[in-house]
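So the structure is just underneath, and the comments pick up after that.
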Amino acid sequence: MTDIGNNFLSLQEARNVADYSPPALAVRHDETLRLIEVAERTVALIESLPKQDRKKLAVLLIARTRPL
């Protein structure tokens, strides 16, 4: 699960850069291919989890920590 979390954060950061950076800061083709490989590996890791762990992961990814 640690790899899934780390990959998720890395991919989310790359997405934010792609969405909000000026076009002059375009991502190189080889970096794009590497990110696609990371995403595919992450999906495979998620699909290999037992159903109960996939449910827990889904909750962790969508739930926000709320201040007390």
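Taking region 42-51 as the search range and keeping residues that are under 12 Å from Met1 (Cβ atoms) and in a helix (DSSP H, G or I), which one is least open to solvent (accessible area, probe 1.4 Å)?
Thr42
Residues are listed down the side, and each one gets a yes or a no for (1) assigned to a helix (DSSP H, G or I); (2) without any contact (Cβ under 8 Å) to a residue 12 or more places away in the chain; (3) among the basic types (Lys, Arg):
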residue	(1), (2), (3)
Ile4	yes, no, no
Phe8	yes, no, no
Leu11	yes, no, no
Asp30	yes, yes, no
Glu40	yes, yes, no
Asp53	yes, no, no
Ala58	yes, yes, no
Arg64	no, yes, yes
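Might you let me know whether region 5-23 holds any residue that is at pLDDT 90 or above, of a type in the set (Asp, Glu) and surrounded by fewer than 11 Cβ atoms within 10 Å (Cβ to Cβ)?
Checked against the condition, which is being at pLDDT 90 or above, of a type in the set (Asp, Glu) and surrounded by fewer than 11 Cβ atoms within 10 Å (Cβ to Cβ), region 5-23 yields at least one hit.
The values are calculated or read from the model by the stated rules, or taken from the named source; none is laboratory data. Just so you know, these numbers come straight off a predicted model, no measurement behind them. Note: ideal-geometry Cβ built from the backbone for every residue, glycine included; neighbour counts use all protein chains shown. Each accessible area value is taken on the protein alone, full model and side chains, heavy atoms only, with ligands, DNA and RNA left out. Shrake-Rupley method; radii C 1.70, N 1.55, O 1.52, S 1.80 Å.
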